Amino acid sequence: MEGMHDLFVRGKPYLAVIFLQFGLAGMDIISKVALNEGMSNYVFVVYRHAVATLVIAPFAFILDKKQRPKMTLPIFAKLAVLSILEPVIDQNMYFIGMKYTTATFAASMSNILPALTFVMACIFRLEKVRVKSIPSQAKIIGTVATVGGAMMMTLLKGPMVHLFWAKSNAHQNPTGAIDLAHSIRGALMISFGCLSWASFMILQAITLRTYPTELSMTAWICLLGTGEGAIVALVMERGNPSVWSINWDTKFLAALYSVIKHHS
């Protein structure tokens, strides 16, 4: 029994990552359904971070009260840039790319995030690469593999699988030219979103040096991201107030579920 217990303790981080991946896959599927039902990706981003702010802010206020440093203008400026990079640019680009493709495609393309983060960390000297060391070799091989896999997902097209519960699309181009164009367009948007997310991670690591309170920083990012995202949504969806309506349906479920998974 002790051996099984020790094995479980050592394996908990890996099990947590596996369950997290299942949760992220579920989030992509539910988000794709909500977007297909007409939900605006700009409004979606605003709602999910408004709910996240309401959930996280009380915990940040209570738990970080004694260790939260004084807010200064440089720290606030970094938080404002962080909120633009990750909630606003990254997620809007990701969901727009998902509209052009599928949930599976978007999830596969997002795997380039570690590669982009690794390259940027090397550029900003947050990561040291020693070509002769095994860990550095593994990181380099992983970077090449993730980028190569993303390119294959973009350019290769396999046969269509017809499921009995899926509705056939009579307007589909049999040559697949439109699908390929949408795939490339979606891949570029998702890649740009991942680049923004990688930049967010680099700046976040730098910001934590002067503002080492994770909960408070997350609450600030969600709050500022909600305001900045609302401005973007109002500009992009002007003249269409109906996009802000939300009921007890898939749209509400997607917003709530994405908050739980994104900040778990």
Quick check on the stretch 218-246: of everything there that is of a type in the set (Gly, Ala, Ser) and assigned to a loop (DSSP other than H, G, I, E, B), which residue is nearest to the chain's Cα centre (by Cα)?
SER245
Look at the stretch 112-136 and say how many of its residues are modelled with pLDDT of 75 or more and assigned to a helix (DSSP H, G or I).
13
Kindly evaluate LEU215 against the criterion of being within 23 Å of LEU126 (Cβ to Cβ) and under 17 Å from the mean Cα position of the chain (by Cα).
no
Would you be able to tell me the number of residues in the stretch 38-50 that are in contact with a Cys (Cβ under 9 Å, 6 or more places away or on another chain) and open to solvent by 20 Å² or more (accessible area, probe 1.4 Å)?
1
Can you find a residue that is open to solvent by 70 Å² or more (accessible area, probe 1.4 Å), farther than 21 Å from ALA121 by Cβ, part of a helix (DSSP H, G or I) and in contact (Cβ under 8 Å) with a residue 60 or more places away in the chain anywhere in the stretch 185-198?
yes
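Here's the yes/no breakdown for (1) aromatic (Phe, Trp, Tyr); (2) assigned to a helix (DSSP H, G or I); (3) free of Cβ contacts under 8 Å to residues at least 24 places away in the same chain:
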| residue | (1), (2), (3) |
| --- | --- |
| MET4 | no, yes, yes |
| ILE18 | no, yes, yes |
| PHE22 | yes, yes, yes |
| ALA34 | no, yes, no |
Go through the stretch 60-94 and count every residue that is closer than 23 Å to ALA254 by Cα and either open to solvent by 20 Å² or more (accessible area, probe 1.4 Å) or not β-branched (Val, Ile, Thr) (or both).
11
Checking ILE221, ILE206, ILE231 in turn, the sole residue that is at pLDDT 80 or above, closer than 23 Å to ALA52 by Cβ and open to solvent by less than 50 Å² (accessible area, probe 1.4 Å) turns out to be ILE221
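The values are calculated or read from the model by the stated rules, or taken from the named source; none is laboratory data. Predicted model, so just to flag it, every value in this text is computed and none were measured. Neighbour counts run over all protein chains shown; Cβ positions are idealised from the backbone, glycine included. Heads up: the accessible areas ignore ligands, DNA and RNA and are worked out on the full protein's heavy atoms, side chains in. Shrake-Rupley method; radii C 1.70, N 1.55, O 1.52, S 1.80 Å.
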